[in-house]
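Trainee: Before we start, here is the structure in question, set down as C-alpha cells.
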Amino acid sequence: MGDQRLITPNDLTQLQFVSTPSLAPNGEHVVYTLTQTNTDLNGYESALWHIQPNERPTPLTTYHTDGKLIKEHSPIWNHDGKWIYFLSNRTEKQQVWCIPMSGGEAQQMTAFDEGVNGFVLSPKGKQLVCEISVSEKDAIEETNEDVVVIDRLRYMANGSGFIKTYTHLVLFDLETQETTALTSGQYNAKSPCFTPRGDAIIFLKSREAPELQGYFNDIYQLNLMTNEEVLLYKGKGSVYDPSVSPDGKWLAFCGHEGGEISPDNTGLWVLPLDTPTASPLQLTRHWDRPVGNYVGADASFDDGYEYKWNDDSQALTFITTVGGNCFLKQVNLKGEVSDVLSPENSVITSFDQNKERITFVKATPLSPGDIYLFSEEKTTPLTDHNQKLLESLLLAQPEHFSYTGAEGWEIEGWILLPPHSPKTKASIPVVLQIHGGPHTAYGNAFHHEFQCIAAEGYAVVYTNPRGSQGYGRAFTAACIGDWGKKDQEDILLGLDYALKHYQQLDPERQYVTGGSYGGFMTNTIITCTNRFKAAVTQRCISNMYSFFGTSDIGYFFAKGQLGEADLWKDEDAVLEVSPIRHARNVTTPTCIIHSEEDLRCPIEQAEQWYVALRRLGVDTRFVRFKGENHELSRSGKPKNRLTRLSEIIDWFNRYNSKKNK
C-alpha cells in the first residue's frame, strides 16, 4: 500500500485491453485479442493470445515489422479446433489469415485488392464469405483526383470520410482459392452467417434508392447452390447480427421496429426458417432493458458478441444494460428471461459460449477488463494483464448514490473522491461529468479520465439522467423533444445531491465537462447558470440548425431527438434549443476541445461557439486536434489523448484558486 502512487494520464499507454474471447469447439481453449499502445508509432497494436487449461496466457500471433502498427483480431475457430482464422493487416490491406493451433506460422488466405472488412467461416471449414468494399467513382473523379462528386443524401460517415463504396459479399473457396461474387449493386450487403448445413447464407441488405425506400436493412437468405435470394424480413427499424440456431430451425437477430431513430429497446427477435412468411417474435418483449452494452468508457477496445445461441437451440444468452451494469441473461423461446451469472457491479463487454461453458470480458471501476471462464457454476479469472500496473496505483473507488430528479424521478449517480482526500468541510473541488448519446450510460466500468481527475485532487460526479439507457424505454424516451430541459434538471440535481451529502465538497469550486450530447449539455448549462468556475466542452453541439446539414447523422438524428422538429416548419424551435442562441448569458471560462475530422459533431459547431464566446468577452481557449474524429477520447492517437487529458485538467487548475496559491 505504501508503494502505491497516483494514476497519471501517461498510464493510459501502459494499460492492455482484452477483447473478443472465442471458445474452442471442445470448450477447453480460449483465443482472444490483446490491444496495446505503441508509443513510438503513436498508435495501437493488437495480437491474438491463447489460454490453455491451467496455464498462463501466451501469444498466438507475434508478427512485428518496423514502422507499421500490426492489428490482428476477430479470431474464429474452425470446426475441429485445429485452426484459427483471423483478420490481419500484415500486408498492405487487411486480409483473412489462419494459424495452426499445433504451432507454426500464420498463412495468408485472401488477397482481395480492396481488403476484407469482415468474414465468416463455413460449418465444415471449407469456405469463407468475406465482406469487401466496392468503389464507386464518377467519371470525372477517374481523371481528376482533386474532385469528389456527391450524389447520395447520406454521403459521409465519421471515421470514414466520404462514402464512395458499397459493401458486398464474396464467397472464397479455401481449397481452390476461387472467388464468387454473391452480391452486387447500389446497396450494402453485410453481416453474413451460414446455415448449419452450409448450403445457404443469411445476410443484411440495405435498400436501393434509400431516399425513397427508407434507410433500413432487410434480412435475406441466399441459396449457395441455386443463387436464389429470398426476403425473410423487411426491416422497420434497427436490424443487425443475424444468427441461425444450431438446429437450423430459427433465425435470430437484434433490433427494434421503432423506425430509424427510436428510444425503443434493442431486442432479440426470432423467425422460424421453415415458415418464410411468418412474422418475427420479439423474445425480450417483456424485458424492459436493451440488448447490448451501452455503458461508455475510455479504456476498452471490445466489440465482440452481444448474443449467442445455446447449444440446444432452445434459448439465447445475451448482454444487457441494467442501470450502470451489463449482465449476461438468458431468454428461452417462450420469452422467459433468467440470470446466467450472479449480478454484480461490473460491465460485461463481450462473451462466447460452447459446451455449457462461457468465456467473457468483465470490466469494473478498478480494472479495464479481464477474461473469465464460467463453468460448472464457478467463475474463474483467466487473464491479469494489468495486475502489476493496477496494484501499483492508488485508485479512487466510486461511491454509488440515487437521488430525486425532475418530476420526482429516481436517478442514479456516482462520485469518485480523490485518494487520501481530506474529510474537512468544503475542501475538495468537484467536476461534473456528462455523458454523450444521449442514449448511453455511465456505470461500473473503468474510466481512466475520471481517475486522473480524481488523482489531481478533484471529486468527480457523474449521473445517468433521463434519456440514458438501462432504465427502460420510457426513461430513455423522456429526453426526446426536451433536450436541455428536464434532463438538465436531472444532471444539476445530482450535483446538488452530492454537494449536500458529501460536505467535504467545496460549493465554491464547481467545474463541468462533457462530450457530444454531453458537450451540448455543457454549453446549455453555462447559458443557464454561472455556478461553475470553468467548463470544458468537447466534440460539442452549439447550433442545432447548422447541425442538421453538416453532421453525418444530422437531419435525421436531430429531427428524431427534437421530437420531429424540422428546419423549415420548426425553425424557431430548433434554434431555441441551440446554445448559440443563448450565448449572451455565458460568463463561465470555457475550453473547447474538438477534432478537425469529426463528422458526427462537425468542427463548425466548435468554431461557432468559440467565436460567439470570444466576441462576448468570455475567457475561451480553442484546442483543435488534426487527424482526429469523434472518437478522440476513446481511440484517438495516444499522444493526442494524453494532450486532451492534460488540457482538461490544466483548464480546471487554472480556475482553481486553491491550486494556484
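Trainee: Tell me the strands (runs of 3 or more DSSP E) entirely within the stretch 399-445 that contain at least 3 residues that are at pLDDT 95 or above and β-branched (Val, Ile, Thr).
Mentor: Once the strands (runs of 3 or more DSSP E) in the stretch 399-445 are filtered for at least 3 residues that are at pLDDT 95 or above and β-branched (Val, Ile, Thr), what remains is 428-434.
Trainee: Which of the residues spanning the stretch 221-272 are buried (at least 17 other Cβ atoms within 10 Å of the Cβ) and among the hydroxyl-bearing types (Ser, Thr, Tyr)?
Mentor: Scanning the stretch 221-272 gives TYR233, SER238, SER243, SER245, SER262, THR266.
Trainee: Any residue in the stretch 631-646 that is among the hydroxyl-bearing types (Ser, Thr, Tyr), crowded, with 20+ Cβ neighbours inside 10 Å, out of contact with any Ser or Thr (no Cβ under 8 Å at 6 or more places or on another chain) and more than 22 Å from ILE553 (Cα to Cα)?
Mentor: no
Trainee: Does ILE603 count as at pLDDT 95 or above and closer than 27 Å to GLN451 by Cβ?
Mentor: Considered against the rule, which asks whether it is at pLDDT 95 or above and closer than 27 Å to GLN451 by Cβ, ILE603 comes out as no.
Trainee: Look at THR275 and say whether it is of a type in the set (Val, Ile, Thr), surrounded by 20 or more Cβ atoms within 10 Å (Cβ to Cβ) and not in a strand (DSSP E or B).
Mentor: no
Trainee: Let me ask you something else. Considering only residues that are buried (at least 17 other Cβ atoms within 10 Å of the Cβ) and of a type in the set (Asp, Glu), which ones fall in the stretch 386-423?
Mentor: Within the stretch 386-423, GLU412 is the sole residue that qualifies.
Trainee: Now a separate question. Quick one: which of GLY248, GLY258, GLY235 is assigned to a loop (DSSP other than H, G, I, E, B) and over 26 Å from HIS439 (Cα atoms)?
Mentor: Only one candidate qualifies: GLY248.
Trainee: Then there's this: Condition first: in a loop (DSSP other than H, G, I, E, B), under 14 Å from ALA189 (Cα atoms) and among the aliphatic types (A, V, I, L, M). Now tell me which residues in the stretch 110-135 satisfy that.
Mentor: If the condition is that a residue be in a loop (DSSP other than H, G, I, E, B), under 14 Å from ALA189 (Cα atoms) and among the aliphatic types (A, V, I, L, M), then VAL116 is the only one that fits.
Trainee: Checking the condition open to solvent by less than 20 Å² (accessible area, probe 1.4 Å) and closer than 30 Å to TYR44 by Cα, which residue from GLY304, GLY292 passes?
Mentor: Only one candidate qualifies: GLY292.
Trainee: For the stretch 110-128, name all the residues that are farther than 20 Å from THR167 by Cα and either aliphatic (A, V, I, L, M) or out of contact with any Gly (no Cβ under 9 Å at 6 or more places or on another chain) (or both).
Mentor: Selection gives GLY125 alone.
Trainee: Next question, about the same structure. Quick one: which residue in GLY518, GLY481, GLY472 is closer than 27 Å to SER542 by Cα, small (Gly, Ala, Ser), at pLDDT 95 or above and open to solvent by less than 10 Å² (accessible area, probe 1.4 Å)?
Mentor: Working: GLY481 fails: open to solvent by less than 10 Å² (accessible area, probe 1.4 Å); GLY472 fails: closer than 27 Å to SER542 by Cα.
Being closer than 27 Å to SER542 by Cα, small (Gly, Ala, Ser), at pLDDT 95 or above and open to solvent by less than 10 Å² (accessible area, probe 1.4 Å) holds for just one of GLY518, GLY481, GLY472, which is GLY518.
Trainee: Pairs needed: first member in the stretch 262-291, aromatic (Phe, Trp, Tyr); second member anywhere, buried (at least 17 other Cβ atoms within 10 Å of the Cβ) and part of a loop (DSSP other than H, G, I, E, B); C-beta distance under 7 Å; at least 6 residues apart or different chains.
Mentor: Close Cβ pairs (under 7 Å, with a partner that is buried (at least 17 other Cβ atoms within 10 Å of the Cβ) and part of a loop (DSSP other than H, G, I, E, B)) amount to TRP269/PRO280; TRP269/LEU283.
Trainee: Continuing with this model, one more query. Can you confirm whether the stretch 486-493 contains a residue that is closer than 19 Å to ALA459 by Cβ and either of a type in the set (S, T, N, Q) or assigned to a strand (DSSP E or B) (or both)?
Mentor: No; the residues of the stretch 486-493 include none that is closer than 19 Å to ALA459 by Cβ and either of a type in the set (S, T, N, Q) or assigned to a strand (DSSP E or B) (or both).
Trainee: While we're on this one: Within the stretch 329-366, which residues are closer than 27 Å to GLY467 by Cα, in contact with a strand residue (DSSP E or B) (Cβ under 6 Å, 6 or more places away or on another chain) and free of Cβ contacts under 8 Å to residues at least 60 places away in the same chain?
Mentor: Listed by number, the residues that qualify are LYS329, GLN330, VAL337, SER338, PRO343, ILE348, LYS362.
Trainee: Quick one: which residue in LEU232, LEU281, LEU212, LEU224 is more than 23 Å from the chain's Cα centre (by Cα), closer than 30 Å to ARG152 by Cβ, at pLDDT 95 or above and among the aliphatic types (A, V, I, L, M)?
Mentor: So the residue among LEU232, LEU281, LEU212, LEU224 that is more than 23 Å from the chain's Cα centre (by Cα), closer than 30 Å to ARG152 by Cβ, at pLDDT 95 or above and among the aliphatic types (A, V, I, L, M) is LEU232.
Trainee: Just a yes or no: is a residue in the stretch 65-72 aliphatic (A, V, I, L, M) and either within 23 Å of ILE371 (Cα to Cα) or open to solvent by 20 Å² or more (accessible area, probe 1.4 Å) (or both)?
Mentor: yes
Trainee: Evaluate the stretch 18-26: report whether one residue or more is farther than 30 Å from TYR458 by Cβ, touching a Gly at 6+ places or on another chain (Cβ under 9 Å), free of Cβ contacts under 8 Å to residues at least 60 places away in the same chain and open to solvent by less than 20 Å² (accessible area, probe 1.4 Å).
Mentor: Filtering the stretch 18-26 down to residues farther than 30 Å from TYR458 by Cβ leaves 19-26.
Now restrict to residues that are touching a Gly at 6+ places or on another chain (Cβ under 9 Å): 19-22, 24-26.
Going one step further and asking which of them are free of Cβ contacts under 8 Å to residues at least 60 places away in the same chain, we end up with none.
No.
Trainee: So, one more: Tell me yes or no: at least one residue of the stretch 67-85 is aromatic (Phe, Trp, Tyr), touching a Leu at 6+ places or on another chain (Cβ under 6 Å) and either modelled with pLDDT under 95 or within 22 Å of PRO381 (Cα to Cα) (or both).
Mentor: Quick first cut of the stretch 67-85, residues aromatic (Phe, Trp, Tyr) only: 77, 83, 85.
Okay, now just the ones that are also touching a Leu at 6+ places or on another chain (Cβ under 6 Å), so 85.
Remaining after also requiring either modelled with pLDDT under 95 or within 22 Å of PRO381 (Cα to Cα) (or both): none.
For the stretch 67-85, residues aromatic (Phe, Trp, Tyr), touching a Leu at 6+ places or on another chain (Cβ under 6 Å) and either modelled with pLDDT under 95 or within 22 Å of PRO381 (Cα to Cα) (or both): absent.
Trainee: Could you look through the stretch 139-156, keep only residues that are under 20 Å from PHE216 (Cβ atoms) and touching a strand residue (DSSP E or B) at 6+ places or on another chain (Cβ under 8 Å), and pick out the one that is least open to solvent (accessible area, probe 1.4 Å)?
Mentor: Of everything passing the filter in the stretch 139-156, MET156 is least open to solvent (accessible area, probe 1.4 Å).
Trainee: Considering only the stretch 366-381, I want to know if a residue exists there that is surrounded by 23 or more Cβ atoms within 10 Å (Cβ to Cβ) and at positive phi.
Mentor: yes
Trainee: Has the stretch 494-514 got any residue that is part of a helix (DSSP H, G or I), open to solvent by 10 Å² or more (accessible area, probe 1.4 Å) and under 29 Å from HIS256 (Cβ atoms)?
Mentor: Step one: filter the stretch 494-514 for residues part of a helix (DSSP H, G or I), giving 494-501.
Filter once more, so that each one left must be open to solvent by 10 Å² or more (accessible area, probe 1.4 Å): 496-497, 499-501.
From what is left, the residues that are under 29 Å from HIS256 (Cβ atoms) are none.
No, the stretch 494-514 has no match at all.
Trainee: So which residues in the stretch 53-95 are out of contact with any Asp or Glu (no Cβ under 8 Å at 6 or more places or on another chain) and hydroxyl-bearing (Ser, Thr, Tyr), if there are any at all?
Mentor: Passing the criteria: THR58, THR62, THR65, SER74, TYR85, THR91.
Trainee: Only residues that are over 24 Å from the mean Cα position of the chain (by Cα), of a type outside the set (A, V, I, L, M) and open to solvent by less than 40 Å² (accessible area, probe 1.4 Å): list them for the stretch 33-60, please.
Mentor: Within the stretch 33-60, HIS50, PRO57 qualify.
Trainee: Hey, another quick one. Using the structure shown, decide if THR359 is open to solvent by less than 10 Å² (accessible area, probe 1.4 Å) and touching a Lys or Arg at 6+ places or on another chain (Cβ under 6 Å).
Mentor: In short, no.
Trainee: Taking strands (runs of 3 or more DSSP E) that fall entirely within the stretch 307-349, which contain at least 2 residues that are open to solvent by less than 20 Å² (accessible area, probe 1.4 Å) and among the polar types (S, T, N, Q)?
Mentor: 315-322
Trainee: List the pairs whose first member sits in the stretch 88-107 and is closer than 18 Å to PHE119 by Cβ, whose second member is assigned to a strand (DSSP E or B) and of a type in the set (Gly, Ala, Ser), and whose Cβ atoms are under 6 Å apart, counting only residues at least 6 apart or on separate chains?
Mentor: So the pair list comes out as TRP97/SER88.
Trainee: Right, something else. Restricting attention to the stretch 186-215, report how many residues are open to solvent by 40 Å² or more (accessible area, probe 1.4 Å) and assigned to a loop (DSSP other than H, G, I, E, B).
Mentor: 8
The values are calculated or read from the model by the stated rules, or taken from the named source; none is laboratory data. If you're wondering where the values come from, they're calculated on a predicted model, not measured in any experiment. Note that each Cβ is placed from the backbone with ideal geometry, even for glycine, and that neighbours are counted across all protein chains shown. Side chains are part of the model used for accessible areas, which takes the heavy atoms of the whole protein and leaves out ligands, DNA and RNA. Shrake-Rupley method; radii C 1.70, N 1.55, O 1.52, S 1.80 Å.
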